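**Student:** Sharing a structure below in structure tokens format, with a few things to ask.
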Amino acid sequence: MTTSNFIFIFLIQFFTIPSLADLPGTWELLVPDAGIASMHTAVTHYNTVVLLDRTDIGPSRKRLPPHHCRNDPNDPILKKDCYAHSLLLDLETNSVRPLRILTDTWCSSGQFLPDGTLLHTGGDLDGFRKFRKFTPCESSSSVCDWEELQNVQLSQGRWYSTNQILPTGEIIIVGGRAASSVEFFPPRETGAVEFPFLTLAEDRQHDNLYPYVHLLPNGHLFIFANNKAVMYDFTANNIVKHYPILDGGPRNYPSAGSSAMLALTQDYSSATIVICGGAQFGAYLQRSTDTPAHGSCGRIEATGENPVWEMEDMPFARIMGDMVMLPTGEILIINGAQAGTQGFEMASNPCLNPVLYRPDEPLGLRFMTLNPGTIPRMYHSTANLLPDGRILLAGSNPHFFYKFGVEFPTELRIEAFSPEYLSADRANLRPILVELPEKLKYGEDFGVAVTVELPVVGIIEVNLASAPFSTHSFSQGQRLVKLKVTSAIPDDAGKYRIGCTAPPDGKVAPPGYYMVFAVNQGVPGVARWVQIVV
């Protein structure tokens, strides 16, 4: 090859490869030092965010108010603990307020109740059988704080379990270390109910922890652990269906990828589950930090008659990625590492590029690589959808205690990622939701009104997004429901009026608070909260 030809080819390649600035999405730092690393994160209907870590880690970097110290003679580090291990973030001001948690919340689980209260379950040590509640309040108030329930407790200790709200508004708590059972809140007289599937899914690494649990629109649960899945009738305590094995190794803790259920739409009779990433079996046992993660995704129509897994590969192998349902029905895959496994100091090569999964595209064209961040978020990190359409990123502590001055330090910064739909050149498409009922009943017809800068072309979607509990690469209770809507009709006041029909029942959308997004040509507006009541 001549020198001139080499230079020509180099220039062609240089100018056709997109730079980082060309990739979609933008990042912003919200809180430079929150004081804690959030292992568990949830967004409340008051537009505040509950951030929660462990309690047995010694000092955090945020102190409790005077006279609020926790006294625990059994704590291995601090008998008198005056440091915060939970915070409340105000999304309007990006300020944080310390909250007081009394029992250990390490690797616990959670879910919002129909009244908007966050129910929190289990943990380690003195938190093993605990129920806790956080009843949110206005961000300007300093009243709301954690409440440890004294008159009830879990029938079995729950560590690494998963919670899911049911059509009745009850919470089912599934699995956990040494707990191959399910139980409910409010507690039932039967207590814990044995669920042998979890034992069958266990291996030498305990890859059946934090099972992926999705409420299907037929009222049954899709439960996935390790590489196995079943459809579970929790009312009759009966397995309705066994799904095929998902190839590619274990997918749950400690080898976790992530999982999401695609948006429920049309007649709500079909539900599709996607599971992506994970560690190779043996990486956890061998404490191998450089074993490449899996990049494969499985997709299955869980409600189909004879469902099979459809396989495809992500642009990046990923362990500990978070899958976040966007208001549009697309999925953001963010956080994680490209090698190793879950556990303290057991992963490497952070995956800084988010990936957009576009479920309506053909196989092979569903993934889009997005603009990379700069902060590694691996073990014990979280990702949550915010009402303005951004994604909140918090946490990452790959060490047993807080540790700084190392390659992957304990991460106290909180940031937000804005998908491409929030770019300035799409602002004139962004709908503003100006009229919406505060409460909805199942099956009722109702109207909303929006304003849009440009004339509306086509259908404006009205979509309900739950507020899940994010921990350990899975958003417990996450779902998106696309409502049946009429065309947007302009009125004399410059508004567009849209007729909507509420979800038919709690199997499609369990009772509780939802973010309501109006979506115009793939561009969502800022959500308003609505409560679905029975």
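**Student:** Report every pair of residues separated by at least 6 positions or lying on different chains whose Cβ atoms are under 9 Å apart, first residue within the range 336-351 and in contact (Cβ under 8 Å) with a residue 40 or more places away in the chain and under 9 Å from Ile319 (Cα atoms), second of a type in the set (Asp, Glu) and outside any loop (DSSP other than H, G, I, E, B).
**Tutor:** Matching pairs, first to second residue: Gly336/Asp322.
**Student:** Return the only residue of Glu147, Glu92 being modelled with pLDDT of 95 or more, farther than 30 Å from Ala225 by Cβ, in a strand (DSSP E or B) and of a type outside the set (Ser, Thr, Tyr).
**Tutor:** Glu147
**Student:** In addition: Out of curiosity, is Ala502 surrounded by 24 or more Cβ atoms within 10 Å (Cβ to Cβ), farther than 27 Å from Gly395 by Cα and at pLDDT 95 or above?
**Tutor:** The answer is no for Ala502.
**Student:** With the condition kept exactly as written, say whether any residue in the range 234-241 is aromatic (Phe, Trp, Tyr), part of a loop (DSSP other than H, G, I, E, B), open to solvent by 10 Å² or more (accessible area, probe 1.4 Å) and modelled with pLDDT of 95 or more.
**Tutor:** Yes: one or more hits.
**Student:** For the range 124-134, state whether one or more residues are aliphatic (A, V, I, L, M) and assigned to a helix (DSSP H, G or I).
**Tutor:** Yes, some residue in the range 124-134 is aliphatic (A, V, I, L, M) and assigned to a helix (DSSP H, G or I).
**Student:** Leu412 - would you say it is hydrophobic (A, V, I, L, M, F, W, C) and touching a helix residue (DSSP H, G or I) at 6+ places or on another chain (Cβ under 9 Å)?
**Tutor:** Judged against the criteria, Leu412 is not a match.
**Student:** Let me ask another. Scan the range 242-252 residue by residue and report those that are outside any loop (DSSP other than H, G, I, E, B) and open to solvent by less than 10 Å² (accessible area, probe 1.4 Å). Step through it out loud before you land on a result.
**Tutor:** We begin by selecting, within the range 242-252, every residue outside any loop (DSSP other than H, G, I, E, B); these are 242.
Of everything in the range 242-252, nothing turns out to be outside any loop (DSSP other than H, G, I, E, B) and open to solvent by less than 10 Å² (accessible area, probe 1.4 Å).
**Student:** Kindly establish whether Pro387 is closer than 30 Å to His120 by Cβ and surrounded by fewer than 21 Cβ atoms within 10 Å (Cβ to Cβ). Before the answer, list the steps.
**Tutor:** Working: closer than 30 Å to His120 by Cβ: yes; surrounded by fewer than 21 Cβ atoms within 10 Å (Cβ to Cβ): no.
So Pro387 fails the test.
**Student:** Another question, then. Determine which member of the set Cys107, Cys137 is touching a residue at least 24 places away in the same chain (Cβ under 8 Å), closer than 29 Å to Leu91 by Cβ and open to solvent by less than 10 Å² (accessible area, probe 1.4 Å).
**Tutor:** Only one candidate qualifies: Cys107.
**Student:** Still on this structure: Which residues, taken from the range 384-420, are touching a strand residue (DSSP E or B) at 6+ places or on another chain (Cβ under 8 Å), aromatic (Phe, Trp, Tyr) and assigned to a loop (DSSP other than H, G, I, E, B)?
**Tutor:** Selection gives Phe408 alone.
**Student:** When the range 261-314 is examined, which residues are found to be among the polar types (S, T, N, Q) and on the phi > 0 side of the Ramachandran plot? Spell out how you get there, then give the answer.
**Tutor:** If we filter the range 261-314 for residues that are among the polar types (S, T, N, Q), which is where we start, we get 265-266, 269-270, 272, 280, 286, 288-289, 291, 296, 303, 306.
Of everything in the range 261-314, just one residue is among the polar types (S, T, N, Q) and on the phi > 0 side of the Ramachandran plot, namely Gln266.
**Student:** On to the next question. Phe446 passes all but one of (1) farther than 25 Å from Gln476 by Cα; (2) under 24 Å from the mean Cα position of the chain (by Cα); which number fails?
**Tutor:** If we test Phe446 against (1) farther than 25 Å from Gln476 by Cα; (2) under 24 Å from the mean Cα position of the chain (by Cα), just (2) comes out false.
**Student:** Something else: Are any residues in the range 376-396 in contact with an Asp or Glu (Cβ under 6 Å, 6 or more places away or on another chain) and either among the hydrophobic types (A, V, I, L, M, F, W, C) or more than 10 Å from Thr410 (Cα to Cα) (or both), and if so, which ones?
**Tutor:** Correct list: Ala383, Leu393.
**Student:** What are the pairs, 6+ residues apart or on separate chains, where a residue within the range 474-489 that is open to solvent by 40 Å² or more (accessible area, probe 1.4 Å) has its Cβ under 9 Å from a residue that is among the basic types (Lys, Arg)?
**Tutor:** Here the result reads Thr486/Arg497; Ile489/Arg497, each pair linking the range 474-489 to a residue that is among the basic types (Lys, Arg).
**Student:** Residues in the range 53-75: is at least one part of a strand (DSSP E or B) and within 29 Å of Gly336 (Cβ to Cβ)?
**Tutor:** No, every residue in the range 53-75 fails to be part of a strand (DSSP E or B) and within 29 Å of Gly336 (Cβ to Cβ).
**Student:** So if I check each of Ala293, Ala229, Ala263, which one is over 19 Å from the mean Cα position of the chain (by Cα) and farther than 17 Å from Pro350 by Cα?
**Tutor:** Going through Ala293, Ala229, Ala263 in turn, the sole match is Ala229.
**Student:** Going by the structure shown, is Thr374 among the hydroxyl-bearing types (Ser, Thr, Tyr) and either under 13 Å from Ser258 (Cβ atoms) or not in a loop (DSSP other than H, G, I, E, B) (or both)?
**Tutor:** no
The values are calculated or read from the model by the stated rules, or taken from the named source; none is laboratory data. Computed from a prediction, not measured in an experiment: that's the story for all the values here. Using ideal geometry, Cβ is built from the backbone for each residue, glycine included, and neighbour counts are taken over all protein chains shown. In case anyone asks, the SASA skips ligands and DNA or RNA and just uses the protein heavy atoms, side chains included. Shrake-Rupley method; radii C 1.70, N 1.55, O 1.52, S 1.80 Å.
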